[in-house]
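Computed from the coordinates by the stated procedures, all read-outs in this text should not be read as laboratory data. Here the structure is a predicted model, which means the values were calculated and not measured. All Cβ positions, even for glycine, are placed from backbone atoms using ideal geometry, and neighbour counts span all protein chains on display.
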Amino acid sequence: MNITPLDITQKQFRRTFRGLDAEEVEAFLALVAAEFEGLVKENLALREDNQRKADEIADHRGRERALQETLVTAQKASEEIRDSARKEAEITISDAELQAEKIVQGAHARFLRIVDDINELKRQRVQFETNVRTLVESHLKLIEAFREPAREEAVQLIPGRRRAADE
């Protein structure tokens, strides 16, 4: 059974002939009731304070939990960003390597075309030199053919026949 300050102040004792001094008992009961009331108020205040602190602790724990969740989420996001950046870098490197390979292949193909062009020009030069040499040699043979003495005489004889025909 819980005793309240009101129970103490309203408590009635039986009166006996040789009983206690009623004023002294009532004074003492009033003192006990006042003291008890103070303790009850203090107890209520402590309970309220305790409840307030428990609420604050719960609030802080909720915030802590939220911060931990945020931290975990941030770490996951950071890892995802890092992974994404690494993958993007790998893709960029692969693209760059592919592009470099295409450039090298293009340069090699151009090199081969230039070598082929050079070889064709050399072949054309040799053919041109051969044609010029053949032309020069044929002209030299013609010149030599006209320089032969027998032909010179034949040329001279032909005009002489005309003279005889003219006479």
Against the longest principal axis of the chain, how steep is helix 22-147, in degrees 0 to 90 to the nearest 10, with axes from Cα atoms?
0 degrees
If you take Rg and Dmax of the Cα atoms in Å from the coordinates, which of (1) 15.5, 46; (2) 15.3, 44; (3) 65.4, 214 do you get?
(3)
Selected from VAL132, VAL115, VAL104 as most flexible by GNM, with the chain as the system and alpha-carbon contacts under 10 Å
VAL132
Charge dipole of the chain built from unit charges on the beta carbon (Lys, Arg +1; Asp, Glu -1), centred at mean Cα; most positive-end Cα among VAL104, HIS139, ALA22 is HIS139
Rounded to the nearest 0.05, FRET efficiency between LYS53 and ILE3 (Cβ-Cβ, R0 22 Å) equals 0.20
Over the alpha carbons of the range 56-116, what is the largest minus smallest coordinate on each principal axis, giving the biggest first in Å?
87, 8, 5
About its Cα centre, what dipole magnitude does the chain give when the only charges are +1 on Lys and Arg Cβ and -1 on Asp and Glu Cβ, stated in debye to the nearest 20?
1160 debye
